[in-house]
Each structure stands twice: as structure tokens, then as C-alpha cells.
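Asks: Please read through the structure below; I'll follow up with questions.
Readers should treat all values here as calculations from the given coordinates under stated rules, not as data from a laboratory. Keep in mind the model is a prediction, meaning the values are calculated, not measured.
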Amino acid sequence: MQSIEQIDLSQIVVQATTEIYDTMIMAEIQSGEPLPNPLSDFNRYVSGIVGLAGLCQGMLAIHAPEKVAMGITNDFLGMEVDSVDDDVKDAISELANMVGGSIKPALSPNGKDIQLSLPSVFHGDYTVKYFTQAYWVIVPFTISSGQFFVELQLRRNE
């Protein structure tokens, strides 16, 4: 495996997220420039988070404002929702799971050196903490309902 320093994390996030949107959700998506600073405080957001363990440890997260999370659910499940309910939480956690699964081969060519946790979902007002000495990227994506963020944090497991 290449060292984390040699991997273009933003490219991995863009490719995986775009691939999922193109093949599974079949809705238009546009990536933006990676953010220069991490996001940590979320107000009225829905986040789906998948942990990574093994050769690397870290997390893959989808962070979406409530309105955008409902839009993702509409795109993903083809159903209109007017509040953040279990369907919205399931859609966001499943999107995180699929994007996490798509980035695994870029981090571990044989796919066996990195395991994914079951996805977790958070809704409301919360703070996300960062690993110390970790590499991270947060890429904004725009869809018809607005903008959401895909975050990848990684550090080599020593």
C-alpha cells in the first residue's frame, strides 16, 4: 500500500461519491474544491459515519443539512419526505456505507487490509472530533437540493 501521504484523498472521495451517485442513485452531482479547514460543529444536520480499521484507521462521513438529507433520500429512494425520519437516517447511513465501500480498494488494493464498521447516523446539533496526526479531506458536493460534505479522516495504524 502507498503511504497515506502519497494518496490523493480528495480524488478518492470525489471518484467514490460520484460513482455511487452515477450508478446507484442516478442523480446529478457536482464536486467542489476541498475545504481548507475541517468542519466540526453541525447544526440541524444529518451525518452518516462509517469507521475504518485495519491497515489504516479513521472514518468516512456524509454531513448534510436536514433539507439536503431529505433531498438525498428523495434521490436515493424515490420518495418525498418532509421531515428527518428513519428513512432519511437510513438513506444517509447507507450512502456513507456505499462510499466507504468504494474507497476501500483505493486504500487497500486487496481489500482485506481495511474493514468497515456498520454505519452510525447522527441528527441534530453535534460536534465531530478529529484524530490527532491524521490526514483528512472534506469535499463539498452539490445536488438539486443543496450542498453536502463527504469527509475522510485517515491515519496509518502503527
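Asks: Any idea what the relative contact order of the chain is, in percent, if you count C-alpha pairs under 8 Å spaced at least 6 apart?
Replies: Result for the chain is 37 percent.
Asks: Then there's this: Which helices count as membrane-span-like in the chain under these terms: full DSSP H, at least 15 Å along the axis by C-alpha, Kyte-Doolittle mean of 0.5 or more?
Replies: Passing helices, by number: 9-20.
Asks: Can you tell me, using C-alpha contacts under 8 Å and at least 6 residues apart, the relative contact order of the stretch 7-66 as a whole percent?
Replies: RCO, the stretch 7-66: 22 percent.
Asks: Suppose only helical runs count, i.e. DSSP H with n ≥ 4. What mean residue ellipticity at 222 nm does that imply for the chain under -39500 (n - 2.57) per run, divided by all residues and rounded to the nearest 500 deg cm²/dmol?
Replies: -9500 deg cm²/dmol
Asks: ³J(HN,Hα) across the stretch 21-30 via Karplus (A = 6.51, B = -1.76, C = 1.60, θ = phi - 60°), whole Hz, x for Gly/Pro?
Replies: The phi angles translate into 5, 5, 9, 9, 9, 6, 9, 6, 8, 10 Hz.
Asks: Still on this structure: Which value in Å does the Kirkwood hydrodynamic radius of the stretch 4-155 take, with 1/r averaged over all unlike C-alpha pairs and then inverted?
Replies: Its Kirkwood hydrodynamic radius stands at 15.3 Å.
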